[in-house]
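Inspection log for the structure reproduced underneath, given as structure tokens.
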Amino acid sequence: MPLEFLPNYTPYILILGGIIAISWLLEKLVKPVPVVGEPVSWLIKLTSLFGFFVGVLLIVTAWVAWSMKAPQVDTGTQYLLIVAGLALFLKPLKDIPWAALIGLVVGGLCVGFVFFLYPLQPEVYGISSTWIYLLIFLIPALLAYVLFKFIEDVLRLIGMILTFKPVAFALGLVCIAQGILLLLNTSLFTILLH
């Protein structure tokens, strides 16, 4: 597997994820400073965007550690990787109307499929083919929208909970602490459970 090296870097990935999760706090602290505030605020916004990719990295690391049964990554760390990864991954995605986009794509694909592969006569049973094409677009688009709207709302709720500032702060601190403890060959979860 080409990603089997990731579990070896779990502590560093966790620390990076923790720093990005609490980057909003650094922005709040530095923003009032006149000279440093604006450049650091811009840098932290860039870091937040980078958080999406770090979230993917956290989730992939958890998946690789689980599939390889990596001994250096315990189950608690795998769950922490997943939760922190979801928090960082869902933060920028929660504002995009995914259900509408998917509905438009599905409706467009259906009407394009019928239009190009099975073109209709100009009139079918006295109804203009334009209306039939419109129905062929609307029915699958609305079905896809309704299905994905539920999924989108559930993901938005999870994202809102995980990116709520006190939760993100606690999650970031736990990630940083776990990363440091993994570098010291122990785990926060083994300390808490023993």
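The values are calculated or read from the model by the stated rules, or taken from the named source; none is laboratory data. Everything numeric here is computed off the predicted structure, so don't read it as measured data. Backbone-built Cβ (ideal geometry, glycine too); neighbour counts: all protein chains shown. The protein model used for the area step is the full one, side chains on, heavy atoms only, and it has no ligands, DNA or RNA in it. Shrake-Rupley method; radii C 1.70, N 1.55, O 1.52, S 1.80 Å.
Could you give me the ³J(HN,Hα) list for the stretch 181-190, computed from phi with Karplus coefficients 6.51, -1.76, 1.60 and θ = phi - 60°, whole Hz, x at Gly and Pro?
Per residue, the Karplus-derived 3J(HN,Hα) values read 5, 5, 5, 8, 6, 9, 9, 4, 6, 6 Hz.
Can you find, among VAL54, LEU192, LEU3, the residue farthest towards the positive end of the dipole of the chain? Put +1 on the C-beta of Lys and Arg, -1 on that of Asp and Glu.
So the residue furthest toward the plus end is LEU192.
How many Lys pairs in the chain lie less than 20 angstrom apart by Cα atoms, where the lysines are 8 or more positions apart or on different chains?
Value for the chain: 12.
Nothing charged except the Cβ atoms of Lys and Arg (+1) and of Asp and Glu (-1): what's the magnitude of the dipole of the chain about its Cα centre? Round to the nearest 20 debye.
360 debye
VAL60 to LEU138: extension gain in nm, 0.36 nm per residue of separation minus the Cα-Cα distance?
24.4 nm
Name the residue from LEU93, TRP66, GLY172 whose Cα lies farthest towards the positive end of the charge dipole of the chain, charges +1 on Cβ of Lys and Arg and -1 on Cβ of Asp and Glu.
The listed residue farthest towards the positive side: GLY172.
In whole percent, how big is the carbon plus sulfur part of the accessible area of the chain, probe 1.4 Å, protein atoms only?
Working: 9620 of 12190 Å².
Answer for the chain is 79 percent, counting heavy atoms of protein chains only.
Quick one: Karplus J couplings for the stretch 109-114, per residue in order, coefficients 6.51, -1.76, 1.60, θ = phi - 60°, nearest Hz, x for Gly and Pro?
So the J values, rounded to whole Hz, are 5, 5, 5, x, 4, 5.
With r as the distance between the Cβ atoms of ILE96 and THR186 and R0 = 45 Å, compute the FRET efficiency 1/(1 + (r/R0)^6) and round to 0.05.
Working: r = 40 Å, r/R0 = 0.88.
Computed FRET efficiency for THR186 and ILE96 comes out at 0.70.
For PHE169 and TRP42, compute 0.36 nm times the residue count separating them, minus their Cα-Cα distance, and round to one decimal in nm.
In short, 43.7 nm is gained.
Return the ratio Rg/(2.2 N^0.38 Å) for the stretch 140-194, where Rg is computed over Cα atoms only. It would help to have the intermediate numbers written out before the result.
Working: Rg = 18.2 Å, N = 55, 2.2 N^0.38 = 10.1 Å.
Against the empirical 2.2 N^0.38 Å value, I get 1.81 for the stretch 140-194.
Give me the extension gain from SER67 to VAL146: residue separation times 0.36 nm, minus the current Cα-Cα distance, reported in nm with one decimal.
Roughly 25.1 nm would be gained on extension.
How do LEU80, LEU193, LEU117 rank by accessible surface area computed with a 1.4 Å probe, from largest to smallest?
Result of the area sort, largest leading: LEU193, LEU117, LEU80.
Specify the longest stretch of the chain that does not include any exposed loop site, a site being one of the chymotrypsin sites (Phe, Trp or Tyr not before Pro) with a non-H, G, I, E, B DSSP assignment and at most 14 other Cβ atoms within 10 Å.
Longest gap between qualifying sites, sites excluded: 6-124.
In the Gaussian network model of the chain, springs joining C-alpha atoms below 10 Å, which of THR61, THR75, THR163 carries the largest mean-square fluctuation?
Judging by the Gaussian network model, the answer is THR75.
List the extent of the Cα atoms of the chain along each of their three principal axes, largest first, rounded to whole Å.
Sorted largest first, the three principal extents are 77, 49, 28 Å.
Mind checking the per residue accessible area of the chain for me, 1.4 Å probe, whole number of Å²?
Values: 12190 Å² over 194 residues.
That works out to 63 Å² per residue.
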